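First the structure, which I've put down as structure tokens, then a few questions once you've had a look.
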Amino acid sequence: MISPEIGKEVIKKELPLIPKLPGVYRMLNDKNEILYVGKAKNLPNRLKSYVSEKNHIIRTERMLSQTKKLEITTTSNESEALLLEANLIKKFKPKFNILLKDDKSFPYIFISDHEFPRIERHRGAKNRKGKYYGPFASSLAVNMAIKTIQRIFLLRSCTDKQVEAGDKTCFNYFLKRCAGPCGGKIEKQDYAKLVEAADEFLSKGKSRKIQKTLSEQMEDASEELDFEKAAIMRDKIKSLNIIQSSLTISEANLTEADVIAGYKESGKTCIQVFFYRSKQNWGNQAFFPKHDPEESLSEIINSFVAQFYENKAVPSLIILNEEIKEKKLIEKTLSKKEGKQVNITTAKKGSKLKVINLAIKNAKNTLNRKLYESENNRNLLDQIGKKFKLENSISLIEVYDNSHIQGTNSVGALITYGEEGFIKKRYRKFNIKNEKFLQDDYGMIKEVLNRRFKRAIQEKDNYLTFPDLVLIDGGKGQYSSARETMNDLGLDEIPVIAIAKGKFRNSGNETFFHNGKEYKFAKNDPSLFFLQRIRDEAHRFAILNQRKRHNKLMFNSKLDGIPGIGDERKRIIINHFGGIQGVLKASIRDLKQINGISEKLATNIYMSIHK
């Protein structure tokens, strides 16, 4: 029986102590878990509404029925409260808030502030001197744009050390993708003109002007019978056309705007964000916020906007497909945060309506596809439950696999699959610590399961939730080890299934082990394909991490025996080249560029690595 009076009594007791100030309030349950985070211009007035109103929506009644404690934090103004609310929602993910689940930074194109500026992809804090262009919807979009811009404007991607040395041109120079500052092939003022042209294209979208200049240069070269130069200009024009078609010019002439459109169906919502910069569409990204099925689309978009920009750069214009109730507050908060005027508008007519309709169409199509995939996954999970006669419904599967090279660099891997697909944030790797288990598959399984579930039992509020099914890549022996371990941990209610390939390791002839029985699937059974797919993903993840560990240990062992290379210098070398792979590709000349590395030491390092 839901009784909102429980929470109302908690609020009544706290009300006399709460100052009439703006701030954030948190409702907690009997386990001190945060149920809901809210904000208010006047905290007592907002909290009184929970007590005085009689007909709350079901979600609010459920929240109040579980509320056993109330916490508040006052702020100096309502804008600070909005930012704090968004921060706390992201941090604690309360069950009764609308949650932006897929929250990540977006990639940018970065042109450095050097004598000969460098073009590169950037993600994260903008704390380096230079110009940032973006955001782009994906790393793929940025990489394609950078490669095309290099063909047109010949901006370097080679390292600062190469440019400072100035005696060896990079490979991109010979591919006509770099002007050659690394080999002293271009003067500073001429290179600056290339950077200026690239900036005009990226920040102002002046592609027609650039295309006209290239065409004139091509014609002049043809008249002078310099056909090689004319061919280069022709290829640049082609590259410019490619990037224009991939970015697409916006009819609405949106110089700096994000277009945000939501579509809701069957209690689920997809929100599409389109990034428009320099009058061009720089891609879009889909989000699926978690919310109560009864929540209105307007409320969902309101919460989405507040959370989305909490840690991201904000454009001058945000175009929505729904009116939001906190429009003025969010505008004021984001304007103060960015130090510029930010406007939020709802598209109703003209070219902006065309742009928002495109975003709505994308949101609808993406949500329908997501709902179809979720339904298909749900059916597959139900079929597996029936096949193995499992008592409880399956919503979450954890798959385990081990990998090693002749008993060395042993790694255990865990991947997770749910109704909406693979859950990457629940992937884990386990470096095997017990030396007795390094060549023992059964022992490795025991160690991995013990480490995973012991921690979960001890830290229920701070670790992964339990799965509905554990799938082990292995045969009868691996199944027995896993089942015994789970039983010893008191988790005998979680079913375990092992999947073993056929006699000749051929896919399609797998045997499954569960509760003392062996199971087979027809070769064309969709459930078999599904189990193979998630098993293969665990295998891929295990091998990936095993190779990373192997390469790291091999590299470290080779460096350890070199006189003059200690832990600190080893760290400097790895950081200089951006990782172990970069060091393995480095020449003696490259190694010499590191401060404190002599030619003799560079030679010793190179010879040791490549023995």
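Taking the stretch 432-453 only, how many residues are of a type outside the set (Val, Ile, Thr), open to solvent by less than 100 Å² (accessible area, probe 1.4 Å) and at pLDDT 85 or above?
Our first condition is that a residue be of a type outside the set (Val, Ile, Thr); within the stretch 432-453, this holds for 433-444, 446-447, 449-453.
Then keep just the ones that are open to solvent by less than 100 Å² (accessible area, probe 1.4 Å); that gives 434, 437-438, 440-441, 443-444, 446-447, 449-453.
Now drop any that are not at pLDDT 85 or above, which leaves 443-444, 446-447, 449-453.
Selection size over the stretch 432-453: 9.
Can you tell which of Lys332, Lys340 is touching a helix residue (DSSP H, G or I) at 6+ places or on another chain (Cβ under 7 Å) and open to solvent by 20 Å² or more (accessible area, probe 1.4 Å)?
Details: Lys340 fails: touching a helix residue (DSSP H, G or I) at 6+ places or on another chain (Cβ under 7 Å).
Unique residue meeting the criteria: Lys332.
Would you pick out the residues in the stretch 421-436 that are farther than 16 Å from Arg455 by Cα and within 16 Å of the chain's Cα centre (by Cα)?
Gly421, Phe422, Ile423, Lys424, Lys425
Further question: Could you check the stretch 299-326 and list, in sequence order, the residues that are polar (S, T, N, Q) and outside any loop (DSSP other than H, G, I, E, B)? Break it down stepwise before answering.
From the stretch 299-326, those polar (S, T, N, Q) are 302-303, 307, 311, 316, 321; that's our starting set.
Within the stretch 299-326, Asn302, Ser303, Gln307, Asn311 meet the criteria.
Take the residues of the stretch 279-295 that are charged (D, E, K, R) and not in a strand (DSSP E or B): which is farthest from the chain's Cα centre (by Cα)? Reasoning before the result, please.
Step one: of the stretch 279-295, the residues charged (D, E, K, R) are 279, 290, 292, 294-295.
So of that shortlist, the ones also not in a strand (DSSP E or B) come out as 279, 292, 294-295.
On the way: Lys279: 26, Asp292: 24, Glu294: 28, Glu295: 26 Å.
Once the filter is applied, the top-ranked residue is Glu294.
For the stretch 381-404, indicate whether the set of residues that are at pLDDT below 80, open to solvent by 50 Å² or more (accessible area, probe 1.4 Å) and farther than 18 Å from Glu493 by Cβ is non-empty.
Among the residues of the stretch 381-404, at least one is at pLDDT below 80, open to solvent by 50 Å² or more (accessible area, probe 1.4 Å) and farther than 18 Å from Glu493 by Cβ, which makes the answer yes.
Residue check: is Lys91 more than 30 Å from Lys424 (Cα to Cα) and open to solvent by 70 Å² or more (accessible area, probe 1.4 Å)? Give the derivation first.
Details: more than 30 Å from Lys424 (Cα to Cα): no; open to solvent by 70 Å² or more (accessible area, probe 1.4 Å): yes.
Spelling it out, it is not the case that Lys91 is more than 30 Å from Lys424 (Cα to Cα) and open to solvent by 70 Å² or more (accessible area, probe 1.4 Å).
Quickly run through the stretch 327-346 and pick out the residues that are touching a residue at least 60 places away in the same chain (Cβ under 8 Å) and within 16 Å of Ala261 (Cα to Cα).
Filtering the stretch 327-346 for residues touching a residue at least 60 places away in the same chain (Cβ under 8 Å) gives 329-330, 332-333, 336-337.
Correct list: empty.
While we're on this one: How do the strands (runs of 3 or more DSSP E) wholly within the stretch 330-443 filter down when requiring 1 or more residues that are under 30 Å from Ser316 (Cβ atoms): which remain? Write out each step before concluding.
Values: elements: 343-346, 396-405, 408-418, 428-431.
Answer list for the stretch 330-443: 343-346.
Restricting to the stretch 548-592, and then to whatever is among the small types (Gly, Ala, Ser) and modelled with pLDDT of 70 or more, can you tell me which residue is nearest to the chain's Cα centre (by Cα)? Please lay out each step first, then the result.
Narrowing the stretch 548-592 to residues among the small types (Gly, Ala, Ser): 557, 561, 564, 566, 578-579, 582, 586-587.
Checking the rest, the ones that are also modelled with pLDDT of 70 or more come to 564, 566, 582, 586-587.
Working: Gly564: 40, Gly566: 35, Gly582: 24, Ala586: 30, Ser587: 34 Å.
Top of the filtered list is Gly582.
Within the stretch 137-157, restricting attention to residues that are more than 20 Å from Ala197 (Cα to Cα) and not hydroxyl-bearing (Ser, Thr, Tyr), which residue is least open to solvent (accessible area, probe 1.4 Å)?
The extreme case among them is Ala137.
Can I ask one more? Is it the case that Arg121 is of a type in the set (D, E, K, R), within 27 Å of Tyr191 (Cβ to Cβ) and surrounded by 15 or more Cβ atoms within 10 Å (Cβ to Cβ)?
Values: of a type in the set (D, E, K, R): yes; within 27 Å of Tyr191 (Cβ to Cβ): yes; surrounded by 15 or more Cβ atoms within 10 Å (Cβ to Cβ): yes.
Judged against the criteria, Arg121 is a match.
For the stretch 58-72, give me each residue that is open to solvent by less than 50 Å² (accessible area, probe 1.4 Å) and not in a helix (DSSP H, G or I).
Answer for the stretch 58-72, where residues must be open to solvent by less than 50 Å² (accessible area, probe 1.4 Å) and not in a helix (DSSP H, G or I): Thr67, Leu70.
Cβ-Cβ under 6 Å, sequence separation 6+ or interchain: first residue in the stretch 136-152 and within 16 Å of Gly283 (Cβ to Cβ) and of a type outside the set (Gly, Ala, Ser), partner part of a loop (DSSP other than H, G, I, E, B) and modelled with pLDDT of 80 or more. Which pairs?
Partner pairs satisfying both residue conditions: Phe136/Pro107; Val142/Pro107; Val142/Phe136.
In addition: Pairs please, first residue from the stretch 45-57 and outside any loop (DSSP other than H, G, I, E, B), second anywhere and open to solvent by 90 Å² or more (accessible area, probe 1.4 Å) and among the charged types (D, E, K, R), Cβ atoms under 8 Å, 6+ apart in sequence or on different chains.
Between residues of the stretch 45-57 that are outside any loop (DSSP other than H, G, I, E, B) and residues that are open to solvent by 90 Å² or more (accessible area, probe 1.4 Å) and among the charged types (D, E, K, R), the close pairs are Asn45/Lys20; Val51/Lys12.
Hey, can you tell me all the residues within the stretch 153-167 that are within 30 Å of the chain's Cα centre (by Cα) and over 11 Å from Ile119 (Cβ atoms)?
Thr159, Asp160
If the Cβ limit is 6 Å and pairs must be 6+ apart or interchain, which residue in the stretch 7-27 that is among the hydrophobic types (A, V, I, L, M, F, W, C) pairs with which residue that is at pLDDT below 90 and open to solvent by less than 20 Å² (accessible area, probe 1.4 Å)?
So the pair list comes out empty.
I would also like to ask the following. State all residues of the stretch 454-470 that are open to solvent by 60 Å² or more (accessible area, probe 1.4 Å), assigned to a loop (DSSP other than H, G, I, E, B) and at pLDDT 85 or above; if no residue qualifies, say none.
Taking the stretch 454-470 as the starting set, the residues that turn out to be open to solvent by 60 Å² or more (accessible area, probe 1.4 Å) are 454-455, 457-462, 465-466.
After this cut, where a residue has to be assigned to a loop (DSSP other than H, G, I, E, B) as well, the list is 459-462, 465-466.
Of everything in the stretch 454-470, those that are open to solvent by 60 Å² or more (accessible area, probe 1.4 Å), assigned to a loop (DSSP other than H, G, I, E, B) and at pLDDT 85 or above turn out to be Thr465, Phe466.
Any residue that is among the polar types (S, T, N, Q), farther than 30 Å from Gln341 by Cα and either in contact with a strand residue (DSSP E or B) (Cβ under 8 Å, 6 or more places away or on another chain) or at pLDDT below 80 (or both) - is there at least one of those in the stretch 184-206? First the steps, then the outcome.
Looking only at the stretch 184-206, we keep the residues that are among the polar types (S, T, N, Q), and these are 189, 203.
Narrowing the set further to residues that are farther than 30 Å from Gln341 by Cα leaves 189.
From the residues that got through so far, the ones that are either in contact with a strand residue (DSSP E or B) (Cβ under 8 Å, 6 or more places away or on another chain) or at pLDDT below 80 (or both) too are none.
No - not one qualifying residue is present in the stretch 184-206.
Which of the residues spanning the stretch 513-542 are acidic (Asp, Glu) and open to solvent by 100 Å² or more (accessible area, probe 1.4 Å)?
First pass over the stretch 513-542, keeping only residues acidic (Asp, Glu): 518, 525, 536-537.
Selection gives Glu518 alone.
Return the only residue of Pro44, Pro22 being more than 22 Å from Ile98 (Cα to Cα), within 40 Å of the chain's Cα centre (by Cα) and surrounded by 15 or more Cβ atoms within 10 Å (Cβ to Cβ).
Values: Pro22 fails: more than 22 Å from Ile98 (Cα to Cα).
Criteria check complete, one pass: Pro44.
I've got another one for you. Please go through the stretch 274-307 and give me each residue that is free of Cβ contacts under 8 Å to residues at least 60 places away in the same chain and open to solvent by less than 20 Å² (accessible area, probe 1.4 Å), ordered by number.
First pass over the stretch 274-307, keeping only residues free of Cβ contacts under 8 Å to residues at least 60 places away in the same chain: 281, 293, 296-298, 301-302, 305.
The answer is Ile301, Asn302, Val305.
The values are calculated or read from the model by the stated rules, or taken from the named source; none is laboratory data. These figures come from a predicted structure and were not determined experimentally. Positions of Cβ are backbone-derived with ideal geometry, glycine not excepted, and every protein chain shown enters the neighbour counts. These accessible areas exclude ligands, DNA and RNA; they are computed on the full protein's heavy atoms, side chains included. Shrake-Rupley method; radii C 1.70, N 1.55, O 1.52, S 1.80 Å.
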